[in-house]
Structures are given as C-alpha cells and as structure tokens.
1. It is to be established whether one or more residues within the stretch C:1-11 are among the hydroxyl-bearing types (Ser, Thr, Tyr), free of Cβ contacts under 8 Å to residues at least 40 places away in the same chain and not in a loop (DSSP other than H, G, I, E, B).
2. Quickly run through the stretch C:245-304 and pick out the residues that are more than 7 Å from chain D (Cβ to nearest Cβ), among the small types (Gly, Ala, Ser) and crowded, with 19+ Cβ neighbours inside 10 Å.
3. I'm trying to understand the selection: among the residues of the stretch C:18-76, which are touching a Ser or Thr at 6+ places or on another chain (Cβ under 6 Å) and of a type in the set (D, E, K, R)?
4. Quick one: which residue in C:Gly198, C:Gly162, C:Gly183, C:Gly202 is part of a loop (DSSP other than H, G, I, E, B), out of contact with any Pro (no Cβ under 7 Å at 6 or more places or on another chain) and of a type outside the set (Ser, Thr, Tyr)?
5. Can you find a residue that is hydroxyl-bearing (Ser, Thr, Tyr) and over 19 Å from D:Ala233 (Cβ atoms) anywhere in the stretch D:156-164?
6. For the subset of the stretch B:211-222 comprising residues that are part of a strand (DSSP E or B) and touching a Gly at 6+ places or on another chain (Cβ under 9 Å), which member is nearest to B:Asn79 (Cα to Cα)?
7. Could you tell me whether B:Gln250 is part of a helix (DSSP H, G or I) and over 30 Å from C:Asn241 (Cβ atoms)?
8. What single numbered condition from (1) within 26 Å of C:Gly66 (Cβ to Cβ); (2) crowded, with 24+ Cβ neighbours inside 10 Å; (3) within 14 Å of chain D (Cβ to nearest Cβ) fails to hold for C:Pro159?
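The values are calculated or read from the model by the stated rules, or taken from the named source; none is laboratory data. Since this is a predicted model, take the numbers as computed values, not measurements. All Cβ positions, even for glycine, are placed from backbone atoms using ideal geometry, and neighbour counts span all protein chains on display.
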Number of protein chains: 4
Amino acid sequence: MTTHRFYPTHYHITLGPHEPVLRIADGDTVITTTIDAGGTDAHGEQVAPEGNPQTGPFYVENAEPGDMLALRLDRLYPNRDTGYTSTAVAPNVVDPQYVRELPERTLAEWHIDRAAGMATLAKPVTRLGNLALPLAPMLGCFGVAPADRQAISTATSGPHGGNMDYRGFVAGVTVYFPVWAPGALIFMGDGHAVQGDGEIVGTGIETSFDVQFTVRVVKGKRIGWPRGDAERADYIFTVGNARPLDQAVQHATTEMLRWLQEDYGLDAVGANILLGQCVEYDLGNMFDPAYTMVCKVPKRWLKS
Amino acid sequence: MTTHRFYPTHYHITLGPHEPVLRIADGDTVITTTIDAGGTDAHGEQVAPEGNPQTGPFYVENAEPGDMLALRLDRLYPNRDTGYTSTAVAPNVVDPQYVRELPERTLAEWHIDRAAGMATLAKPVTRLGNLALPLAPMLGCFGVAPADRQAISTATSGPHGGNMDYRGFVAGVTVYFPVWAPGALIFMGDGHAVQGDGEIVGTGIETSFDVQFTVRVVKGKRIGWPRGDAERADYIFTVGNARPLDQAVQHATTEMLRWLQEDYGLDAVGANILLGQCVEYDLGNMFDPAYTMVCKVPKRWLKS
Amino acid sequence: MTTHRFYPTHYHITLGPHEPVLRIADGDTVITTTIDAGGTDAHGEQVAPEGNPQTGPFYVENAEPGDMLALRLDRLYPNRDTGYTSTAVAPNVVDPQYVRELPERTLAEWHIDRAAGMATLAKPVTRLGNLALPLAPMLGCFGVAPADRQAISTATSGPHGGNMDYRGFVAGVTVYFPVWAPGALIFMGDGHAVQGDGEIVGTGIETSFDVQFTVRVVKGKRIGWPRGDAERADYIFTVGNARPLDQAVQHATTEMLRWLQEDYGLDAVGANILLGQCVEYDLGNMFDPAYTMVCKVPKRWLKS
Amino acid sequence: MTTHRFYPTHYHITLGPHEPVLRIADGDTVITTTIDAGGTDAHGEQVAPEGNPQTGPFYVENAEPGDMLALRLDRLYPNRDTGYTSTAVAPNVVDPQYVRELPERTLAEWHIDRAAGMATLAKPVTRLGNLALPLAPMLGCFGVAPADRQAISTATSGPHGGNMDYRGFVAGVTVYFPVWAPGALIFMGDGHAVQGDGEIVGTGIETSFDVQFTVRVVKGKRIGWPRGDAERADYIFTVGNARPLDQAVQHATTEMLRWLQEDYGLDAVGANILLGQCVEYDLGNMFDPAYTMVCKVPKRWLKS
C-alpha cells in the first residue's frame, strides 16, 4: 500500500489507451492535482488547452479487461483562490422559444476562500450581489479507458465515465468502473468548487484541485455502468450516461436492478418492489452530448 | 374564510370543465376525501372505476382565466389500513433489452399503521421480508381544468397538473396553477402513503386519503406551469410535464427563470448564475405519457 | 349509401364528445368544407378563432366503442386562391444554439392557382423569387373523439388522430381510427395546399378546402393507432403520435407488426424479417407537443 | 488522377487516427473491398472480429483540418452470393410493453443473385416463403477520423460519419465530410445488399462488397455534419447523428439551413420558407447509440 505523489506535466482531452504516466499497485493511493476545465493550474497559468484536460492515465497493476476498478475519492479540494462560471443557462435546458431571452454567455468570477469554505461571486455585478456559497468540491470529469480501444472526448460521457458532472462525486465516495484496457487507465480533471444539478450553465465553479484517491481491483467482476458508494451520505448509486435523460434513467435503473440481485441478496420481485418505493434519482450533466442520471438507494433499506 | 366538509359521491377520470360539486370562496378551506387509484375508498369498497378517479371539481369564486390559483395542501393522510403497489418496474424505465427480465406485474399488499406512521409489506413473500417504510403521504394526481375547455385523462399530466406523482406534493406545500376555466375547477385524487422517485413501478403505496386544502386567488397573475412553495423543506419549485424528461426539464427551468425575475428581484444574469450553481432537480412521474421534472431553488438563496 | 352535403356553421378546437352536426350511416359520403388553420373560410372571412378549427363532428350510425372506423378521403382541394405559411423554421427543429439565427416568424402569402395546380410565393420578397410549387392537397388535422370522453386540443395529436400534419393524408387514402365514442364523431380541418415533411415552419400552405369523404364501420375490430391504406401510392401505413420521435416510431412500428400478423397472414418471424428489409418511415408533424411518425410497407410485399 | 487497387489485410472497429493503409492524391480513385459486419469476406472466410470492421484508413494528400472531403461512391456491389439479416426488430424500436412479444433474435440467410439483382430469403421458413427483394446496395458504416484525435466505435455515429445505415448511401452519391485529421483518413465497411429504413432489425442484408470511390478535397471549407449530393435521385441532403431522433433532425436541419445560405444563394427567410414547404426527411439508423436522420431538398427547387 504505497502512497504516490504525482506532479502532472501534460494532460489529455480524450479518455483512451494513452501512455500511462504512473504505474500503481492494487491498494495504492495517489496524491496529485488537476487543472481547471479551461486548462489553468493552481498558479493561474494556462498549462493545457481548454476542454476538461485530464491528469493521467494511471495504470493499475493487475487490472485487466473483465475486472472492476474501485476508485475511492479520498480528498478533493480547490488549490487556488479563484474560480469561474458561465453566466447563462445552456440553450438546450430551456424551452426553444425562450432561447432568445437568455443572457449572453460570458464568464463570472468567484473568489474561493478555502479556509472559510466559501465561494463568493466577484463579478459581474448583478442583483445577487456577492452571493456566497459553501464549497462542495466535486470532480466533474473522470473515468477509465473505454471499450474497444476507443478514445472518447472529455466533452462527453459513457459507460467508462467521462464528463458526468454529478455533484455527488465528492470526497468519501467510491466509484466502480468496468475495466476494458489493461491497467484500467484512470483519468481525472474538471474540479468544481460548487455546482448545481445538471451543470446547466455548462460549468460549476471551475477551479484547480488537489486530489487524493485510492484504488482497488475486483477481479472478474463485470459491470455495465459506473456504480458508487456514498459513505457519508449513506447511499449506493448507479450512473447512466446517454441522451435523452430517459435513456440515462434506463441505463442507471437496469444497472441498479442487477446490482441489488447480484450483491444485496434480493430476488427480482424484491428488487423491483424496493426500487418502486425507495429509489431516488439525481440529475448529473445536462449540457453535453450525453446526459447523466444517477439512481440511488439509501443503504438503510439494504442488507449487504 | 369558511371551512367546508365535502363528502364525494362521484368521481372523474378526466380533468375538464365538469359540473362543480362545491363552490367555495377565495380563502376557504375544504376537508374531504380521495379514493385510491383503483377506485376504492376508506371502507375498502370500490366506488369508482380504476384510473386515478378524482374528487371534485371545486369551483373557486372569483377565479377567472388569467388568474393564478394557490392551492395549499394543509393535511394529507391515509384513511385506511391497507395499500397496494405493483411488483415490477415499468418497461419504459429499464433498458429495452432488459424488459424480458422484469418480473410479472402483480400486486403487492401493504399494511398501513397510521398511528406508528409506517407501511409494512404484507405480501408477496420476497427477500425483503416485511419491509417497513415510514409514511410520507403525497398526492399523485391533482390540478385544475385545462386550457381550451379540454378534458384530459388522469393518466397523464400537463400545464394544468394532473398525474405528476411528485413525492414533494406533501402537506405544507402550496401549489400554484394557471386558471383557464371560470372557478379554476380543482380536482384531486391518487394518494400515495409512500412513493419512490419516478413512480417507476407505476404506483406508490396506493390508498385512500383524508385531505384538507385551502385556496387563494391571485388576480391577473399569469404563469405557464405549476409552481410551488415547500414551506417545511424550504424551497420553491416549478413543474414541467412532458416527454422526454429533457423537455420536462426545459419547461420547469424556463418557468423558474421567469419566476426569479418576476417575483424575486433578480435580473436575467443574476437568475442564470444562481440557477447554475444552486438549482436542484427532482424526478416526478416517469410512467405516464407525460413525464414530470421539478426544478427547485432553496429559499436561503432568495430574497423575496 | 347517401351522399350528404353539409355546410358548417360553427367549429371546434378540441376533438371530443361534442354535439354531432350530422348523423350519417355506414357507407355514406359527405361533401363539406373546412376552413384554414387561422379560422378563415373560402370567402376570406374569419369565421372562427385560430387554432385548426374543425368541421364536425359527424356521427356515424352503428359505430360503437371497440369498432374501427374507415374514413376514405375521396377528394380534397383548396376552395380559394390564397394561402399562407410561416417564414421561420420552429425553434424546436434546429440546434438550440442556432435559434438566435432564425429569421423572425411572420407570414408569407401564396397565390393558389387551382386550375393550373400550382401555388406561387407572393410575398415576402426573397431570393426564392416567385417560387412555384405543385399543389399536393392534404388534411393536417382530423380524427375522432378520443378515449375516456377526453376533449383534446387540435394543437396536438394522439391515438385518436388530431394534428398529425402528414403529407400522405391525400385524396384516395383510407384512414382507420379506433372508435371510442358512440358514433365515432369525425372531425376535420387544417387543409394544406402544399407541405414539407414535419411541417417544420409550423404551417403548410394554409387554406380552406372542399372535402369529400366516405365512411365505413368495421365491427369489433380493435386497433391501437391510426392505420391507413394509400391506394394510389400503393402502401399501407400506421401512425404513431408522441414525443420524442423515437416513441412515435415505437407506436407506429408496434401497430404495424400487429397488423401484419392480424390481417396479412404473417407469422411473427415473417413480419419482423419483412419490416427489417422493407419498411419505410415518413415524418409527420414535428412542431406540436406530440410529433408524428408514419411506418409504411409497400403493398407489393404483401399478400392480403 | 490515379486509380488505385487496394487489397485490405486488416480492419478497424474504430474510426480514429490509425496508421494509413494507402496514401492517395486529391482526385484519385480507389477500387477495394469491404467485409461484412460480422467480419466475413468474399470467400466466406471470417478474417476479422465482428462489429462493422472497416477497410482503411486511406490518407488523402492535401486534406487538412478545416477542409472538406468529398467522397464519391462510384460503385458498390456485393461480391458474394450470401447475406444474412436478423429475425427480430430491435427492442428499442417497439413499445416497451411489446418487447416480450418479439421473436427471438436469430439469423436469417439470404441468397444473393448478383446477375439477376435479387436477394432471396433462404431460411428460416416463414409465411414470407422465399421472399425476393431487388438489390439496393448501400454502405452502412463509413466516414473519416473524428475531431480531437478521438477513436470512436463503428457501433455508433457522429459528425465524422460512422454507422449511419442510411439507405441513400448508394453508388452515384457524393458525401462531404469535415476533415479533422491530416489526410482525413477514410474508413468504410458494413455493406448491405438491401435494407429497410432505420435498420430496425439491426442489420440490412449483410454481405461483403466491391467498392470504388473517388476523393476530392475542398480547401478551407468548414462544415458541421456530413452533407451529400444524390446525383441520380436529384436531391441534396444533410445528415444528423444523435439521440433522440429529435436531435438528429435538429442537427441535419441546421446544417441544411447553413448550406442553403452558404452555397445556394438563399437569404435566411428564403431558406426557411423553402424548407418549410419542400423539405423531406429520411430515417437512417435507429438501432445504435446514436440515431440518424437525413434532411433532403430536391434539386429542382435550387439554383446552384
């Protein structure tokens, strides 16, 4: 169980079978950094082109196609004092007739007070004044190399993860991914100090992050979509990435029905009845080509 | 401010310009009952055909087309000891390839302990055993007469409300509807003792309810979609009913952007920035021809 | 077999259980007129409010719930020399980012030369000049009273027909509708002298029509969605009305699979193989709350 | 203007920045072959794994990012006597409630008579008997390397083309693609002897092809989605690939509005009016993660 410190020097805008930057063992921990969605680092320097540039990939020894990778987000926190958001809801999130009434899409600037745990709107001047929001740091875009040696843009998402922008991807959460490439190949970036559901303006409060994560390989465990365990919020979840949202719900619900029967000792009827009365859904990204819906079950209804 | 007690003798399976069962004044309160989605009342007698039969319509004096009706749900509670759910997630909520793996759709029975505030699964026998869930009573289907003298089935929903199955429609919530028909014409039914997001098995725990509500007319206030104020949970919300979910989100988000600018003193840029980082979405019905998405803003971010 | 001449004096903007204007027998023919979508008649007088006002309803003796109504469109032709269209593609038919680039939605005027069979663009002045298009008269909105005594706006469509805007609804076509109301209750209006697929500007060349149709009742024949027989174009078709288009395709395809097995002597595997290699789809309305897709099979592949 | 003969020895199941198999000049012609979707060649030997394996990529000298590639399909024809289809409509193309009624998905075998130009159903035995269909050879999956050095599976489609399964991709058609990678990098495969709209059983009549194509580079011409010119059928078209179909229509319609204004001398109002009354849509693939819709304008309404 080694803890690695990794200082990235280059970044990727696709998740794919790229040359690993570090090889780690099953059970190891990595402490590293991510740059913001626009390519700017902790020092305010643009070190990569925009587009959710990713740190990695990290190669996990012993992770092979057909396995499942458990990626625990141990710590996520902004590592600088500034962030930015967009000023306009995306045209695809409002009625088509309303698009012309949306304000121009420019950048709003936020001051991040890491000690106080608050982000404060610095500009533009609006009736919001200096709106101050509690930090809720989350990773917008991360995942593993996709199936079939595909390389898929960080502008979208799929069974491999990617740009899911789910505000539930916070410290303390373990995310499970299917492994398709030898070493799984972990990528991460696009940290948000704060974000509303859906990332409907196309950004959270975009900033650079310090990140710590720990990996574990589950041999021979095949899954279809990302799964997760939110320790602190006490629920398990599955993630569907697709358009329209209806299909994202279908992916996530199907994956949850499978999980409940595989690992939580439920028969089909029991899993169906339970979901019917206890399921919750969260909206992840609704800005990208693929949208994200999350299917949750509170752990108190489960016997593991 | 009169309090009326109304005992229904017949029910409707469309929301439309039907003969009022009671005329009430602006500010009045009504205490009445609803029967379950299958037409069964507090005594276990089937008194109407199935299909979310509605109590009402109640005619509100002074409510005219172009006004807004505020409908406060004062009290909602089961009035009998039994409820039922379906045993299978609806085919439209899972991957098409998975439909064949769903269990047969039959009825599960629940015992409702009103004193203890719990619903307990009575049958079928599954690995869930006698799963016990805390009651969270909500109205599945309610609303007003639609535009253009339409009469629309309680199997679906629209700008007039209808079968929205949102678990946030609980006691203490005020719902605002557009008024299209003289008197607004309020309908309600389809009480659920408990329900998961999406009503994905096509039912909550279906049962009959005692209901108390209070009305208020806001003259000359035009709105496009149902709006709401969740006093106890401390958020405001808007409701979009459409398919796919993407369009329901568009309706609800557009209505919220309008509301924030009309009544909460925000400029367009401020409303857009606020939603971007603070909005939350809930999934209502995902079973009917029209699906439901709810757009929420916590009140702590608003100055009224 | 009587031929009735009916001169409408009032119109409906919902399809519902309205008072019949004429009672006709199984096998009868009706010669009547429709006014344009804006409510203007053959003389250029606005005789009804806008919104696809409908002639009818016509009550067909012997048509009862559970039957099928065959409605043959014998003749459809403009009965005046003018028509109008919109000048802008609807915002829901282009990329959300492109909405701001659409031109303003105003009215274009067309001259209809009924003798020559041509419609010519009269204004505005554009680089199209006086574009001349051959007349292809079709009914935009027609159908029967919906299930459950609903009254549904002519702005949308459903299993009962309504505003389907399919350019295949031309003279010589027989359309089959489910019967839910006693007498079926036939409505029709919204004639288009010409129309592109999808009615993507929200109008065809809107004008008033002379219409002749003939009815036939098929007792005890239950269908789920409109079906049709295009004599002159030599195909049969089914119609799905829903959103998104994906669901409209699902409705139409399912109805066709059923039809092929019920009435064309095919087993399930045969029907599936045939559709796979021979099916064609047309796009009807893509402007309304419900969109329309048509599933076609050329008759040459069928043995009746 | 050289004509190359190329004999493929390996195949790709992603379109991406792979090593070119041949370098050709602007204006050159290539005569080559494709194997069927399952990886089987003209001799009935499986030479690659299934999944629409692609011949190529062909590197076009002088094609650079920001250019447009014109790919003319000169000749497409089966090069063996057998083909296969699936026997069941895909679950996503029928109503979710109908999925259980679909037949099992197995393979049907077809005899291809290249001299007679007919494909005949050989098995299974169904009420179709030996259904014989005229050959209408088309390419199911082809395109160029995507943006951002992505490598995208042949199971789906995008702005770069891919698995579009449009029955209009026949000999005589020129398809225009955006160029993102140096040399454009042309891929092709998945020939269908016959196919219904939508490829709704997930296959056309899958077989191996002889193919001849000719390339031309248009420098500095930026387009957003594939465009095409159907010489023989006398229309131009644009292609949108996305889900739901609604979004595919949006992409294709937007691209057509741009094209009409860029290259056909129309102002915005003219282009909008023309599409409104003259546009036609075809359904391409409705089986893959991304669906395909084609927007067509008959050339007789255009002055080039």
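1. Taking every residue of the stretch C:1-11 in turn, at least one turns out to be among the hydroxyl-bearing types (Ser, Thr, Tyr), free of Cβ contacts under 8 Å to residues at least 40 places away in the same chain and not in a loop (DSSP other than H, G, I, E, B).
2. Of everything in the stretch C:245-304, those that are more than 7 Å from chain D (Cβ to nearest Cβ), among the small types (Gly, Ala, Ser) and crowded, with 19+ Cβ neighbours inside 10 Å turn out to be C:Ala248, C:Ala252, C:Ala271, C:Gly284, C:Ala290.
3. Answer for the stretch C:18-76, where residues must be touching a Ser or Thr at 6+ places or on another chain (Cβ under 6 Å) and of a type in the set (D, E, K, R): C:Asp28, C:Asp36, C:Asp41, C:Arg72, C:Asp74.
4. One residue alone meets the criteria, C:Gly202.
5. Checking the stretch D:156-164: at least one residue is hydroxyl-bearing (Ser, Thr, Tyr) and over 19 Å from D:Ala233 (Cβ atoms).
6. Going through the qualifying residues, I end up with B:Val211.
7. No, not satisfied.
8. Status for C:Pro159: all satisfied but (2).
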